[in-house]
Amino acid sequence: QTMASGVIPQITAIFGTCGGGVAMIPALTDFTFMTREGARLFVNTPNALEHNDVSKCDTSSCQYQSVQAGTVDYAGESEEDVLSKIRMLISLLPANCDDESSYADCNDDLNREDPALENVKDTAYILRDIADNYQYFELKPDYAPEMVTALIRLNGMTVGAVANRSEFLGEDGTVEKTVDAVLTTDGAGKAADFVRFCDAFSIPVLTLVNVEGYKATVEEEKTIAKACARLTCAYADATVPKVTVVIDKAFGSAYLAMNSRHIGADMVYAYPKAQIGMMNAASAVKIMYADEIKASDKAQTLIAEKTAEYEKIQNSPVSAAARGYVDDIIEPAATRKRVIAAFEMLYTKREDRPDKKHGTI
């Protein structure tokens with residue numbers, strides 16, 4: 001399995017018990033599928049864990065492995081469901097790292113537009129909407145849902161998609177849930193592994209950005225720096241075509257890690273209402289003009305004026321484009337055709353890297 005890693009895609013399906021040392025087998029593969037009922041995955045049984053038993057927390061269950069551990073890419077209702085999804089995944093993947101024929105005929109309109117995208121922040125919805133025939137295969141949807149990793153087709157070509165997700169739309173199109181637009185340890189690790197897989201098999205990467213910073217908790221502080229370093233390294237080290245679209249906020253070093261121009265994005269687009277800069281304008285104004293705000297009788301008015309000024313001068317997509325951080329400002333409705341055109345232009349991209357044994361990050 002180790003020798004085959006990065007040479008051929010490896011997939012595991014768990015229908016029964018996979019315990020002890022055998023649990024390393026799915027961990028060594030690229031994708032793991034598991035049935036919700038009847039399948040078990042564990043190194044130590046739940047009852048062998050200190051202060052735990054199966055009635056408290058079934059750590060071997062599909063629910064735990066897909067939501068908490070992040071080892072499961074798809075949780076199926078039955079064996080037939082799992083096998084069907086595996087067939088779909090195989091149809092999207094190349095046969096090996098040298099296979100350049102993993103394309104399908106595209107009978108969808110390349111110039112198809114959707115004006116509704118202007119008001120949508122659910123990146124899973126955006127990715128499904130711009131994909132050929134709306135074909136969208138999300139991986140690890142239950143784990144770190146604030147970071148989307150998925151495979152789609154654009155003009156018949158398989159593309160790996162990574163996206164920050166702060167809104168979750170229901171089937172009726174209404175917002176069911178919102179979360180902070182931040183990078184987390186789990187989300188960064190999930191994205192880094194996916195980008196490395198795409199690079200190994202020459203699958204281009206599309207990134208949709210909406211991030212304001214990092215999740216700020218004591219627990220996250222233990223691991224967030226290393227996780228985001230791995231994500232930055234994965235993007236910077238990837239030699240496949242890389243296209244980024246800033247759909248809303250892109251602040252500070254959190255944006256830097258999300259395939260910004262600074263770490264090697266080939267093309268960067270931004271929506272007209274996007275904000276790109278070091279930090280949120282209101283927060284920056286309160287730091288920069290602290291003395292003036294404190295002395296003013298109309299502090300709120302002053303903050304509003306300075307915030308608007310800062311957004312225009314520092315955080316607008318126009319100012320980012322003027323600095324060379326953004327290649328073009330595009331209308332949300334035109335996302336599909338602009339992204340397809342970018343990947344077509346980058347189809348013959350070749351990039352050499354220094355000769356070395358391997359990285360250490």
**OP:** In Å and from the alpha-carbon atoms only, list the Rg and Dmax of region 309-361.
**Re:** 17.2, 50
**OP:** Return the FRET efficiency for the residue pair Glu37, Asp237: r is the Cβ-Cβ distance, R0 is 35 Å, and the value is rounded to the nearest 0.05.
**Re:** 0.30
Subject >> Degrees between helix 185-200 axis and first principal axis of the chain (Cα, 0 to 90, nearest 10) >> reply: 70 degrees
**OP:** Run through the DSSP bridge list for the chain and note the antiparallel percent, rounded to the nearest 5.
**Re:** 35 percent
Subject >> Cα long-axis angle, helix 79-92 against the chain (0 to 90 degrees, to the nearest 10) >> reply: 60 degrees
**OP:** Please go through the residue pairs Lys222/Lys356; Lys140/Lys177; Lys215/Lys312; Lys121/Lys294 and name each one whose alpha carbons sit more than 24 Å apart in this structure.
**Re:** Lys222/Lys356; Lys215/Lys312; Lys121/Lys294
Subject >> Under the Karplus curve 6.51 cos²θ - 1.76 cosθ + 1.60, θ = phi - 60°, whole-Hz ³J(HN,Hα) for region 352-361, x wherever Gly or Pro sits >> reply: 9, 10, x, 6, 7, 6, 5, x, 10, 9
Subject >> Amide H within-cut-off set for Cys18, under 5 Å, with H built and near neighbours excluded >> reply: Arg40, Leu41, Phe42
Original post:
Computed FRET efficiency, Cβ-Cβ of Met345 and Asp105, R0 30 Å: what is it to the nearest 0.05?
Top reply: 0.90
**OP:** Could you work out how far the C-alpha centroid of region 278-345 sits from that of region 18-42, in angstrom?
**Re:** 46 Å
Original post:
In the full protein assembly as shown, how much of Lys298 is accessible to a 1.4 Å probe, in Å² to the nearest 10?
Top reply: 140 Å²
Original post:
Using the per-residue mean of other Cβ atoms lying within 10 Å as a proxy for protection, in what order, highest first, do the peptides 77-89, 28-40 fall?
Top reply: 28-40, 77-89
Original post:
Measuring from the lowest to the highest alpha carbon on each principal axis, how far does region 168-274 reach, largest first, in angstroms?
Top reply: 37, 34, 25
**OP:** Treating each Cα of region 224-288 as an identical point scatterer and ignoring solvent, apply the Debye formula and state log10 I(q)/I(0) at q = 0.12, 0.16, 0.19, 0.24 Å⁻¹.
**Re:** -0.34, -0.58, -0.76, -1.03
Original post:
Say we join alpha carbon atoms closer than 10 Å with springs in a Gaussian network model of the chain; which of Ile224, Ile313, Ile11 then has the biggest fluctuation?
Top reply: Ile313
Original post:
With the Cα gyration tensor of region 127-167 giving a ≥ b ≥ c as the square roots of its eigenvalues, does the rule (a/c under 1.5 for rounded; else a/b larger than b/c for prolate; else oblate) give rounded, prolate or oblate?
Top reply: prolate
Original post:
Relative contact order, percent, of the chain when contacts are C-alpha pairs under 8 Å separated by at least 6 residues?
Top reply: 12 percent
Original post:
Given 37 °C and 0.692 mPa s, how large is the Stokes-Einstein diffusion coefficient of region 1-104 in µm²/s, with Rh as the Kirkwood radius over Cα pairs?
Top reply: 223 µm²/s
Subject >> Long-range amide H partners of Val268 with built H, under 5 Å >> reply: Thr244, Asp327, Asp328
**OP:** Taking H placed 1.01 Å from N in the peptide plane, check which residues at least 5 places from Ala13 or on another chain put their amide H under 5 Å from its amide H.
**Re:** Phe33
Original post:
Helix 224-237 versus the longest principal axis of the chain: what is the Cα-based angle in degrees, 0 to 90, to the nearest 10?
Top reply: 90 degrees
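The values are calculated or read from the model by the stated rules, or taken from the named source; none is laboratory data. The structure displayed is predicted, hence computed values, not measured ones. Neighbour counts run over all protein chains shown; Cβ positions are idealised from the backbone, glycine included. The accessibility values were calculated without ligands, DNA or RNA, using every heavy atom of the protein model including side chains. Shrake-Rupley method; radii C 1.70, N 1.55, O 1.52, S 1.80 Å.
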